Amino acid sequence: MSSTRFDPILLHRKHLIDEITCLDEIFDFLDEWPEDKRGLAYETLLKACRDTANGRFPLSAARENFRRFLKMSGVLAKVEGGPRFDGLMNHQIGNA
């Protein structure tokens with residue numbers, strides 16, 4: 001399976017905001033998805049992710065399909081206007 005990273009997708013998980021940043025994390029999320037909520041959209045996404053892992057489907061398309069699945073399921077998080085810490089962390093680590 002590919003562990004290639006992509007821009008994070010944020011989602012609601014219980015009372016927290018979580019992020020998915022690679023194909024392996026999408027597979028982990030799908031494994032945990034409740035069986036009674038699995039349907040055609042879930043199966044289509046799972047197939048696209050498997051095809052991505054086998055090099056037959058672009059990672060960017062699998063990421064977008066996953067984002068749409070989260071949105072359709074009501075768990076896509078939209079965080080706007082908050083501080084971004086990634087640049088700050090890189091700066092501090094680089095100067096340490």
To the nearest 10 square angstrom, how much accessible area does Glu25 have with a 1.4 angstrom probe?
-> 50 Å²
For Ile17, Ile26, write out the residues from largest to smallest accessible area, computed with a 1.4 angstrom probe and no ligands counted.
-> Ile17, Ile26
Cys49 accessible area, nearest 10 Å², 1.4 Å probe?
-> 0 Å²
Reported to the nearest 10 Å², Thr44 has, with a 1.4 Å probe, an accessible area equal to 80 Å²
Sites Lys78 and Thr4 - FRET efficiency at Förster radius 22 Å, r taken between beta-carbons, to 0.05 | 0.35
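The values are calculated or read from the model by the stated rules, or taken from the named source; none is laboratory data. These numbers were taken from a predicted model, which means no experiment stands behind them. We place every Cβ from the backbone using ideal geometry, glycine too, and count neighbours over all the protein chains shown. The protein model used for the area step is the full one, side chains on, heavy atoms only, and it has no ligands, DNA or RNA in it. Shrake-Rupley method; radii C 1.70, N 1.55, O 1.52, S 1.80 Å.
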